[in-house]
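J.: A single structure is presented below for examination.
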Amino acid sequence: MFGFESSQLFLILLFMLSDLKNQLMTAIENSLRQLPLNSFPMPAITLEIPENKMHGEFACNVALRLAGPLKQNPMEVGKKIQQNLQKEISAGSLQQKIQLVDLKPPGFINFFLSAAALGETVTQIRREAERYGRQRFGNAKKIQIEFVSANPTGPLSVAHARQAAVGDALANILDWLGFRVTKEFYVNDEGNQINILGRSIRDRAREIVGESFSFPEDNYQGEYIKDMAGDFLARHEVRDRAGLDRIAPEFFFQYGCEELLNVIKQELENFGVHFDVWSFQSKIATADHIEKVLGDLRQKGSLYDQDGALWFRSTQFGDDKDRVVKKSDGTYTYLAPDIVYHQNKFERGFEQVINLWGPDHHGYIPRLKAAVQALGYHSKNLVVLIVQLATIFRDGKPLSMSTRRGQYISLREVMEEVGVDAARFFFLMRHLKAPLEFDLELAKKQTPENPVYYVQYAHARINSVLQLAASQGLQPSREDLQHLSQPEELNLTRELAQFPEILLTCGHQLDPYSLVDYLERLATGFHKFYDTHRVVSEDRTLSSERLALIDATRIVLANGLKILGVSAPVRM
RNA sequence: GCCCCCGUAGCUCAACGGAUAGAGUACAAGCCUCCGGAGCUUGGGGUACAGGUUCGAUUCCUGUCGGGGGCGCCA
C-alpha cells in the first residue's frame, strides 16, 4: 500500500526508518562514496533485524547487492565497506552506540549495539511510556478502513468477529504509525436481503397471530426473527391478521433493520470495537446519486447498453468481463451503489481506502477496482483485504455453520464462552489471509499452552515484582543503566527495541499478525530473564536497574496488547 | 471450466529474496531454602513434485499433484 517500487526502496527506507537506523543508513551511504557506482542503477539495500541474535541488532545486505554489478566477491566488497564504515562511525555520533561492525559470510555487514545504547533504549521506553512505539511515518495521511459492514439481517457471525478483530487492530496499528485513521461500517439497509428480512418478520408475525401457512424456505430462519416479530406485534398492538394487513411492508424491514443494527452495534462495543462512522446505503447511494455517477461514467465512455441492460466496461480496467450496473428490469445491481459509495469515500478526502471482506467476495475485487479507476482514481488507493474464515473447533471437531438455516456460531457465543481477550487474540493469531482454526477449549484454558494467558501472565508477573520491590522501598532506576550485561538482559532489551520496527512491519504487510508473534516472543524473553536472574536482591543498584528493565517490558507488553484490543491485567 | 487462498517437524503454525529453515504442542529427562512453577532448561526430527529467474529460492515465475473457498442481469 505504500507503493514501493524496488528502485525507490533505497530512498524510502531512509524516510521510514527510526533515528538510529536512519543514522546507520546515512553512514552506509557515505561509506560507499569511494566505490565506482556510477555505471549501474543503485540496487535496493535493506537494513534488517536478523533472526539470529549472533548477527547483531542490524544486518545490511549492501555488499551482497553490489557484488554482482561490481563483479567482485561479496566478501571483498564488504571488507571495503566495513573499513569505511568503521571510520564513518568512529568520527560521528554513532560512536557511543555501535559497539562492533562485523562482516560475516556470505557478505552481511552486522551492527552490534553497545550496552550503553541498549540501556538508553530502556530509559527511552520508560520516558515515552504509553507512547513508546508511536511514529510519524504516516505523515497524518487520511486512511479509511471499512470492515465488518454486515448486512443488518441477523446477529454477527464468527466471520464478522475475525474481521472485527483484524480491522480494529489494523486501524490501531496505522494510528500508531501516524496515519489519521477512520473506522467505518457500511450499512446495506436496502436491497434484496433487507426485503427478505422484512418479509421474514411479517411472515413470522402472521404465524403468531394464528394464520396457518408454511414459512418460506428462503426467508431468514433464525429464532431471533420470531422474537422480533413478537416484539413488533406488541409494539404496534396488533393481534390479528386484519391489523397486520394495515401495516405497510416497509415498516417491517425498517423495524428489523433498526433493531438488528442496534444488536450489531452492541455486540461490537462489547467486543471492544468502536466505529467512528456508520454510513448508510440509503443515504449515500440514493437514486439521484447513482444516476449522477452513471451519467459521469457514460460520458467517459465506460458504460454501454446491451440486451436492455446497462453495462460497465470493467474489462477496460482489467476485469475479466464487463458487469451489469442496471438490470433490464430497471433496478440496479449491487455494483451501482458500491461505485457511488467508493466515490463518496474519496470525495471525503481519504488518500487510502482499505476494505476488509470475506473470501466469498474476492471475485468482486476486480470490478470494484475497475470502477475506482473509471472514476479517475488510482487503483492502488483502494486496497481490499480478504480475511479468510475462522473455523470454530470443539473437542477437535469443527462446528458447522450456515447463515441460511440460522444455525451458525455467533460472535456473541464465542465472546461469552472464551471472553473478549482470548477471542480477539485468537482471531489475530494467523495471517489474515490464512484460514484460522479456533480451538474453544484451548482459548479457555488458563495454562501456558494458551498463548494469550502466556503473554498476559508475563505482564501480571512484572507488576507483582514491581509491587514487591516498592514495598521494600526499591524503585526502577532513573540513572543511566550500566550493569545490565547478562545475555538474558541484553536479549530482552533487544526485543524491546524492536517494538517500533514490528509495528512498521505490520503496517507494511497490512496485517497485525506479526505483533502477536512478537508479543509471544517478548514474553518468552522476559520469562527466560526472570528465571535466570533475581530482580530484587541485596544489590540495590543492580536491583533498580533490573526493575527498570522489567518496567520497560511491562510498558511494551501493555502497549502491544492495547493495540490488539486485549487487556493487560495486573493480577490474574 | 475460470478465479482466490493454502501445501514446511507427528499436529497447529513462523521465516522484508539471505546466514545453521524457527516456535508451540506432543513425547522423554531435569529445575522451586528464592521476586507468581500459569514459568524455565535439555533432546530428535521438516520445505508436496519438476523446471526457470540469480551470487543466493520456503519465499518470485511456469507447470503437475493435493486440500479449502468462490463463480449469476444475487448481495
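The values are calculated or read from the model by the stated rules, or taken from the named source; none is laboratory data. Being a predicted model, the structure only gives us computed values, none of them experimental. A quick note on method: Cβ atoms are made from the backbone with ideal geometry, for glycine too, and the neighbour counts reach across all protein chains shown.
J.: Give, as residue ranges, the strands (runs of 3 or more DSSP E) completely inside segment A:290-339 that count at least 3 residues that are more than 9 Å from RNA strand B (Cβ to nearest atom) and more than 15 Å from A:Pro366 (Cβ to Cβ).
T.: Filter on segment A:290-339 gives A:303-306.
J.: Still on this structure, please answer the following. I'd like to know if segment A:480-487 contains one or more residues that are within 12 Å of RNA strand B (Cβ to nearest atom), assigned to a helix (DSSP H, G or I) and surrounded by 16 or more Cβ atoms within 10 Å (Cβ to Cβ).
T.: There is no residue in segment A:480-487 that is within 12 Å of RNA strand B (Cβ to nearest atom), assigned to a helix (DSSP H, G or I) and surrounded by 16 or more Cβ atoms within 10 Å (Cβ to Cβ).
J.: For segment A:63-80, give me each residue that is surrounded by fewer than 18 Cβ atoms within 10 Å (Cβ to Cβ) and under 40 Å from the mean Cα position of the chain (by Cα).
T.: A:Gly68, A:Pro69, A:Met75
J.: Now a separate question. Within segment A:150-176, can you find the residues that are in contact with a helix residue (DSSP H, G or I) (Cβ under 7 Å, 6 or more places away or on another chain) and more than 16 Å from RNA strand B (Cβ to nearest atom)?
T.: A:Pro155, A:Ala161, A:Ala164, A:Asn172, A:Leu174, A:Trp176
J.: I've got another one for you. Of everything in segment A:425-476, what is within 6 Å of RNA strand B (Cβ to nearest atom), surrounded by fewer than 15 Cβ atoms within 10 Å (Cβ to Cβ) and either aliphatic (A, V, I, L, M) or in a helix (DSSP H, G or I) (or both)? Give them in sequence order.
T.: If the condition is that a residue be within 6 Å of RNA strand B (Cβ to nearest atom), surrounded by fewer than 15 Cβ atoms within 10 Å (Cβ to Cβ) and either aliphatic (A, V, I, L, M) or in a helix (DSSP H, G or I) (or both), then A:Ala434, A:Ser464, A:Leu468 are the ones that fit.
J.: Being part of a loop (DSSP other than H, G, I, E, B) and of a type outside the set (Val, Ile, Thr) is the filter here; which residues of segment A:259-289 pass it?
T.: Correct list: A:Phe271, A:Gly272, A:His274, A:Phe275, A:Asp276, A:Ala285.
J.: Separate question: Run down A:Arg394, A:Arg412 and say which single residue is in contact with a Leu (Cβ under 6 Å, 6 or more places away or on another chain) and of a type in the set (D, E, K, R).
T.: Checking each option against the conditions leaves just A:Arg394.
J.: Would it be correct to say that A:Leu492 is more than 11 Å from RNA strand B (Cβ to nearest atom), part of a helix (DSSP H, G or I) and of a type in the set (A, V, I, L, M, F, W, C)?
T.: In short, yes.
J.: How about segment A:44-149: which helices (runs of 4 or more DSSP H) wholly inside it have at least 1 residues that are within 16 Å of RNA strand B (Cβ to nearest atom) and touching a Gly at 6+ places or on another chain (Cβ under 6 Å)?
T.: In segment A:44-149, A:62-70, A:74-91 are the helices (runs of 4 or more DSSP H) which contain 1 or more residues that are within 16 Å of RNA strand B (Cβ to nearest atom) and touching a Gly at 6+ places or on another chain (Cβ under 6 Å).
J.: Does segment A:328-341 hold any residues that are touching a strand residue (DSSP E or B) at 6+ places or on another chain (Cβ under 6 Å), surrounded by 14 or more Cβ atoms within 10 Å (Cβ to Cβ) and touching a residue at least 12 places away in the same chain (Cβ under 8 Å), and which are they?
T.: Across segment A:328-341, the qualifying residues are A:Tyr332, A:Leu335, A:Ala336.
J.: If you take the residues of segment A:512-547 that are among the charged types (D, E, K, R) and buried (at least 22 other Cβ atoms within 10 Å of the Cβ), which of them is nearest to RNA strand B (Cβ to nearest atom)? Please lay out each step first, then the result.
T.: Initial filter on segment A:512-547 (among the charged types (D, E, K, R)): A:517, A:520-521, A:528, A:531, A:534, A:538-540, A:545-546.
Right, trim to buried (at least 22 other Cβ atoms within 10 Å of the Cβ) and you get A:545-546.
On the way: A:Glu545: 13, A:Arg546: 8 Å.
Out of the qualifying residues, it is A:Arg546.
J.: Here's something else I'd like to know. Say whether the condition of being at pLDDT below 95, under 15 Å from A:Leu368 (Cα atoms) and among the aliphatic types (A, V, I, L, M) is met by at least one residue in segment A:310-320.
T.: no
J.: Can you pull out every residue in segment A:272-309 that is over 30 Å from A:Val181 (Cα atoms), at pLDDT 90 or above, of a type in the set (Asp, Glu) and exposed (fewer than 12 other Cβ atoms within 10 Å of the Cβ)?
T.: Matches in segment A:272-309: A:Asp305 only.
J.: A further question follows. Take segment A:98-149 and flag every residue that is buried (at least 19 other Cβ atoms within 10 Å of the Cβ) and among the charged types (D, E, K, R).
T.: Selection gives A:Glu120, A:Glu146.
J.: Given the conditions (1) touching a residue at least 40 places away in the same chain (Cβ under 8 Å); (2) within 12 Å of RNA strand B (Cβ to nearest atom), which single one is not true for A:Val556?
T.: So A:Val556 meets the others, but not (2).
J.: Only one residue in A:Val455, A:Val414, A:Val420 is under 30 Å from A:His361 (Cβ atoms), at pLDDT 90 or above and under 28 Å from the mean Cα position of the chain (by Cα), so which one is that?
T.: Of A:Val455, A:Val414, A:Val420, the one residue that is under 30 Å from A:His361 (Cβ atoms), at pLDDT 90 or above and under 28 Å from the mean Cα position of the chain (by Cα) is A:Val420.
J.: Residues that are surrounded by fewer than 17 Cβ atoms within 10 Å (Cβ to Cβ) and at pLDDT below 90, at least 2 per element: which strands (runs of 3 or more DSSP E) completely within segment A:347-400 meet that?
T.: By residue number, A:390-394.
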